[in-house]
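Engineer: The structure that follows is given in the form of structure tokens.
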Amino acid sequence: MALRKIICIEDELLRKKSRPVEKFDEKLHRLLDDMAETMYEANGVGLAAPQVAVLRRVVVMDCGDGLIEMINPEIIRTEGEQDGPEGCLSIPGRRGMVKRPMHVEARFQDRNGEWYEIEAEDLLARCIMHETDHLDGRLYVDVMSREIFEDELEETED
Ligand code: NI
């Protein structure tokens, strides 16, 4: 495993649409392992492949219940609403308030190409929306209602 460089908001690669994964091979497995290591090292809860300059539909997440790898994720259904603070490893030092669905159902493939469905709520639902947005070149700053300023951060950080 190896750490990958996380690219930042100025990089136009973050604005591109990622392509589906077609080969579930050793190269994909290496990418997934590297992405997980890179995410944990950066203390993130999610990382999408375009953030390490790979334009493929691959995300990793860990919202506290263990590592989840999603390849070619698709949102099937959303319900409800939550408003909360969000950050991004590609936008260091900033946070914003973002409205997301409270409940998300998604389908995705695992590292071997097997299809799964997941029902997620709260933070995991938020994380799935944030990470799948990355795959379409969308960042949270595009959809946030407002920036969170430093003097507020102590109240909102959890
Ligand atoms: Ni992000």
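The values are calculated or read from the model by the stated rules, or taken from the named source; none is laboratory data. No experiment lies behind these values; they were computed from the predicted model shown. Here the Cβ positions follow ideal geometry from the backbone for every residue, glycine too, while neighbour counts run over all protein chains shown.
Engineer: With Leu124, Leu89 as the choices, which residue is surrounded by 18 or more Cβ atoms within 10 Å (Cβ to Cβ), modelled with pLDDT of 95 or more and out of contact with any helix residue (DSSP H, G or I) (no Cβ under 7 Å at 6 or more places or on another chain)?
Structural biologist: Numbers: Leu89 fails: out of contact with any helix residue (DSSP H, G or I) (no Cβ under 7 Å at 6 or more places or on another chain).
On inspection, the qualifying residue turns out to be Leu124.
Engineer: Also, quick follow-up: I'd like to verify a number: residues in the stretch 115-134 that are away from the ligand (no atom under 11 Å from the Cβ) and either acidic (Asp, Glu) or in contact (Cβ under 8 Å) with a residue 60 or more places away in the chain (or both), how many?
Structural biologist: 7
Engineer: Based on this model, can you work out whether Glu152 counts as surrounded by 14 or more Cβ atoms within 10 Å (Cβ to Cβ), of a type in the set (Asp, Glu) and either more than 12 Å from the chain's Cα centre (by Cα) or within 15 Å of the ligand (Cβ to nearest atom) (or both)? Working first, answer last.
Structural biologist: Working: surrounded by 14 or more Cβ atoms within 10 Å (Cβ to Cβ): no; of a type in the set (Asp, Glu): yes; either more than 12 Å from the chain's Cα centre (by Cα) or within 15 Å of the ligand (Cβ to nearest atom) (or both): yes.
Criteria not met by Glu152.
Engineer: In addition: Could you go through the stretch 135-142 and let me know if any residue there is closer than 26 Å to His29 by Cβ and exposed (fewer than 11 other Cβ atoms within 10 Å of the Cβ). Please lay out each step first, then the result.
Structural biologist: Start the filter on the stretch 135-142 by keeping residues that are closer than 26 Å to His29 by Cβ, which leaves 135-137.
Imposing the further condition that a residue be exposed (fewer than 11 other Cβ atoms within 10 Å of the Cβ) reduces the set to none.
No, there is no match, as no residue in the stretch 135-142 is closer than 26 Å to His29 by Cβ and exposed (fewer than 11 other Cβ atoms within 10 Å of the Cβ).
Engineer: Could you list, in sequence order, all residues of the stretch 61-73 that are within 13 Å of the chain's Cα centre (by Cα) and surrounded by fewer than 16 Cβ atoms within 10 Å (Cβ to Cβ)?
Structural biologist: Pass one, the stretch 61-73, residues within 13 Å of the chain's Cα centre (by Cα): 61-63, 67-73.
Passing the criteria: only Leu67.
Engineer: Go through Pro85, Pro92 for me and flag whichever is out of contact with any Phe, Trp or Tyr (no Cβ under 9 Å at 6 or more places or on another chain) and either part of a loop (DSSP other than H, G, I, E, B) or away from the ligand (no atom under 16 Å from the Cβ) (or both).
Structural biologist: Details: Pro85 fails: either part of a loop (DSSP other than H, G, I, E, B) or away from the ligand (no atom under 16 Å from the Cβ) (or both).
Only one candidate passes the filter, namely Pro92.
Let's see how each residue does on (1) among the hydrophobic types (A, V, I, L, M, F, W, C); (2) more than 16 Å from Leu135 (Cα to Cα); (3) out of contact with any strand residue (DSSP E or B) (no Cβ under 9 Å at 6 or more places or on another chain):
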{"residue": "Glu41", "(1), (2), (3)": "no, yes, yes"}
{"residue": "Glu69", "(1), (2), (3)": "no, no, no"}
{"residue": "Thr78", "(1), (2), (3)": "no, yes, no"}
{"residue": "Glu81", "(1), (2), (3)": "no, yes, no"}
{"residue": "Leu89", "(1), (2), (3)": "yes, no, no"}
{"residue": "Pro92", "(1), (2), (3)": "no, yes, yes"}
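Engineer: To continue, here is another question. Can you go through Val54, Val58 and tell me which one is surrounded by 12 or more Cβ atoms within 10 Å (Cβ to Cβ), of a type in the set (Val, Ile, Thr) and under 14 Å from Cys127 (Cα atoms)?
Structural biologist: On the way: Val54 fails: under 14 Å from Cys127 (Cα atoms).
On inspection, the qualifying residue turns out to be Val58.
Engineer: Output the number of residues of the stretch 26-42 satisfying the condition of being assigned to a loop (DSSP other than H, G, I, E, B) and surrounded by 15 or more Cβ atoms within 10 Å (Cβ to Cβ). Break it down into steps so the answer makes sense when it comes.
Structural biologist: We begin by selecting, within the stretch 26-42, every residue assigned to a loop (DSSP other than H, G, I, E, B); these are 42.
Next cut, surrounded by 15 or more Cβ atoms within 10 Å (Cβ to Cβ) only: none.
Result for the stretch 26-42: 0.
Engineer: Output the qualifying pairs, or none if there are none: Cβ atoms under 9 angstrom, residues six or more apart or on different chains, first residue in the stretch 41-65 and near the ligand (Cβ under 9 Å from one of its atoms), second residue β-branched (Val, Ile, Thr) and assigned to a loop (DSSP other than H, G, I, E, B).
Structural biologist: Gly44/Ile6; Leu47/Ile6; Gln51/Ile6; Gln51/Ile7
Engineer: In addition: If I filter the stretch 11-25 for residues that are loosely packed, with under 14 Cβ neighbours inside 10 Å, part of a loop (DSSP other than H, G, I, E, B) and not charged (D, E, K, R), do I get at least one hit? Working first, answer last.
Structural biologist: Within the stretch 11-25, the subset loosely packed, with under 14 Cβ neighbours inside 10 Å is 12, 15-17, 19-20, 22-23, 25.
Filter again for part of a loop (DSSP other than H, G, I, E, B), leaving 16-17, 20, 22-23, 25.
If we keep only those that are not charged (D, E, K, R) as well, we get 20.
Yes: the stretch 11-25 contains one or more residues that are loosely packed, with under 14 Cβ neighbours inside 10 Å, part of a loop (DSSP other than H, G, I, E, B) and not charged (D, E, K, R).
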